[in-house]
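**Student:** Quick one: structure below, then a few questions.
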Amino acid sequence: MLAEAGISTLVIERQIFPRPKTCGDVLDPAAVHQLSQLGVNVADLDGALPLTGMRIHHLQRRSDRVWPAGPFGHNHAYSIRRDVLDHALITLAETRGVRVLTGHEAVAPIVERGFVKGASVRGPDGHITEFPARFTLVADGANSRFGRALGTYRNRDWPYATSIRGYWAQQGTPSGGPRMNYAAETVAARVNLYFDLTGVDGRPLLGYGWAVPLVDGSLNIGLTVLSTSHGFRSINTTAMLADLARRVSADHRIDPQSPLGPPVSGRIPLGGSVGPNGGPTHLVVGDAAGSANSLTGAGVEYAVATGQIAGHVLARAFETHDVTVLQSYPGLLSERFASTYRRGRMITQLSAHPRILRPAIRHLAGTSRVADRVWEYALNGSARQWPQ
Ligand SMILES: Cc1cc2nc3c(=O)[nH]c(=O)nc-3n(C[C@H](O)[C@H](O)[C@H](O)COP(=O)(O)OP(=O)(O)OC[C@H]3O[C@@H](n4cnc5c(N)ncnc54)[C@H](O)[C@@H]3O)c2cc1C
């Protein structure tokens, strides 16, 4: 958006693309919609597998759900490996005129009299160069060092999530084979969700597991647990992931003992829990601003949306030559996300109690109208207004 408006735009990215990213690789309809706002049609991306819906597993019960029809006019969801998606996005940015420096790490903000004036950047040869900038967007993810150097911090009273994922090969699928073969064979590809995670003491955890088929024949298995769960500090997500892989192995034809690589975990700050999300010459977006969905931990939709809102604000600041326009950013985020975050937080905090959590999960795994509403809210995120 900024580059297309003729504004010189530079992306500093530490890694070389395609690079791995710890993710469940699911783009729900809200994320698909948000990407379409950038002009990215996920269906056209190589490596995108349509997901027709969800199969919910709760103890011995299974129920199938289609994706809630959001306010977007479609309910399409996809799986796509994040290395593939992110590579496509950064390539698109380049074709639109953004200068991209990969293999470069932003090590510190340049700050003059309290104003951020760009970044000191370490190149692949270890040499540090200063890149001056009129405005700086902080988008360095969940463990945002750059943001912390500018004073951002996470509100420790609010929940966060811890997530882990690994890949397994599905036997009998053409791993790495031609896309159409696999896609045709798995017309009913769906996300499997597991809503009966328990802690070491056998009590239910607030979270879920997943098994997500990918177009190359691999399976992304992972789980997310919210920090409000009873016994959260004593959970061992690596052991839980191994258990889940064993549990799904027959259904998905995987050898649970032979993952395609070691599992990787990450902490996801949720629901706008990181702030302040800007200053006079800088704005903070995505996980660096703790923007992920406060119930599910999904963050692609929110990272793209906060980036777009920040882009609009900066474009306006350039157009009007008025830096005070940046002060509108927190209000715009609030307008779009605050009620979604607040309600998500309320639900997580309420259902942290095992006596409430057990029946709540049972209910959610069922097919009542209330469950439909909660699913709509959880998956369509900020775009779906909570029913009054
Ligand atoms: C296990 C797991 C599963 C998940 N599953 C899903 C899912 O299925 N669907 C979903 O929507 N969300 C999911 N999420 C959340 C989602 O991955 C994040 O919310 C989303 O990626 C946030 O995007 P971002 O651009 O803010 O940060 P990131 O995607 O983390 O991107 C930050 C980028 O900044 C770069 N960087 C970091 N520091 C520097 C530096 N100093 N200098 C230069 N570059 C730097 C990094 O290399 C990286 O490329 C999952 C998260 C986890 C941990």
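The values are calculated or read from the model by the stated rules, or taken from the named source; none is laboratory data. What you see is a predicted model; the values in this text were computed from it and never measured. Cβ placement follows ideal geometry from the backbone for every residue including glycine, while neighbour counts extend to all protein chains displayed.
**Student:** Among what's in segment 275-322 and is among the small types (G, A, S) and in a loop (DSSP other than H, G, I, E, B), pick the residue that is farthest from S339 (Cα to Cα).
**Tutor:** Result: G279.
**Student:** Which of (1) under 22 Å from P20 (Cβ atoms); (2) surrounded by 22 or more Cβ atoms within 10 Å (Cβ to Cβ) does I56 not meet, given it meets every other one?
**Tutor:** (1)
**Student:** Let me ask you something else. In segment 308-333, which residue that is without any contact (Cβ under 8 Å) to a residue 60 or more places away in the chain and of a type in the set (S, T, N, Q) is farthest from V116 (Cα to Cα)?
**Tutor:** Filtering segment 308-333 for residues that are without any contact (Cβ under 8 Å) to a residue 60 or more places away in the chain and of a type in the set (S, T, N, Q), the one farthest from V116 (Cα to Cα) comes out as T320.
**Student:** Further, regarding this structure: May I ask you to list pairs of residues, at least six apart or on different chains, whose Cβ atoms are under 7 Å apart, with the first in segment 193-218 being free of Cβ contacts under 8 Å to residues at least 12 places away in the same chain and the second being within 16 Å of the ligand (Cβ to nearest atom)?
**Tutor:** From residues that are free of Cβ contacts under 8 Å to residues at least 12 places away in the same chain, the pairs are T198/L205.
**Student:** Of these, A288, A292, which one is near the ligand (Cβ under 10 Å from one of its atoms), among the hydrophobic types (A, V, I, L, M, F, W, C), farther than 17 Å from P330 by Cβ and crowded, with 24+ Cβ neighbours inside 10 Å?
**Tutor:** Matching residue, one of A288, A292: A292.
**Student:** For A106, work out the one condition from (1) away from the ligand (no atom under 12 Å from the Cβ); (2) touching a Phe, Trp or Tyr at 6+ places or on another chain (Cβ under 7 Å); (3) of a type in the set (A, V, I, L, M, F, W, C) it doesn't fulfil.
**Tutor:** Of (1) away from the ligand (no atom under 12 Å from the Cβ); (2) touching a Phe, Trp or Tyr at 6+ places or on another chain (Cβ under 7 Å); (3) of a type in the set (A, V, I, L, M, F, W, C), only one is false for A106: (1).
**Student:** Follow-up. So how many residues does segment 199-223 have that are closer than 21 Å to W375 by Cα, among the hydrophobic types (A, V, I, L, M, F, W, C) and more than 11 Å from the ligand (Cβ to nearest atom)?
**Tutor:** Selection size over segment 199-223: 3.
**Student:** Would you say R342 is of a type in the set (K, R) and touching a helix residue (DSSP H, G or I) at 6+ places or on another chain (Cβ under 8 Å)?
**Tutor:** no
**Student:** Quick check on I254: is it surrounded by 22 or more Cβ atoms within 10 Å (Cβ to Cβ), more than 18 Å from L379 (Cα to Cα) and away from the ligand (no atom under 13 Å from the Cβ)?
**Tutor:** yes
**Student:** Pick out the one residue from D140, D125 that is closer than 14 Å to H104 by Cβ and crowded, with 20+ Cβ neighbours inside 10 Å.
**Tutor:** Every option except D140 fails the conditions.
**Student:** Right, here's the next one. Could you tell me which numbered condition V313 fails, if it satisfies all but one of (1) among the hydrophobic types (A, V, I, L, M, F, W, C); (2) away from the ligand (no atom under 12 Å from the Cβ); (3) in contact with a strand residue (DSSP E or B) (Cβ under 6 Å, 6 or more places away or on another chain)?
**Tutor:** Unmet condition: (3).
**Student:** Which count do you get for residues in segment 154-175 that are modelled with pLDDT under 95 and among the small types (G, A, S)?
**Tutor:** The total comes to 2.
**Student:** Between V284, V264, V274, which is aliphatic (A, V, I, L, M) and more than 30 Å from T198 (Cα to Cα)?
**Tutor:** Answer to the selection: V284.
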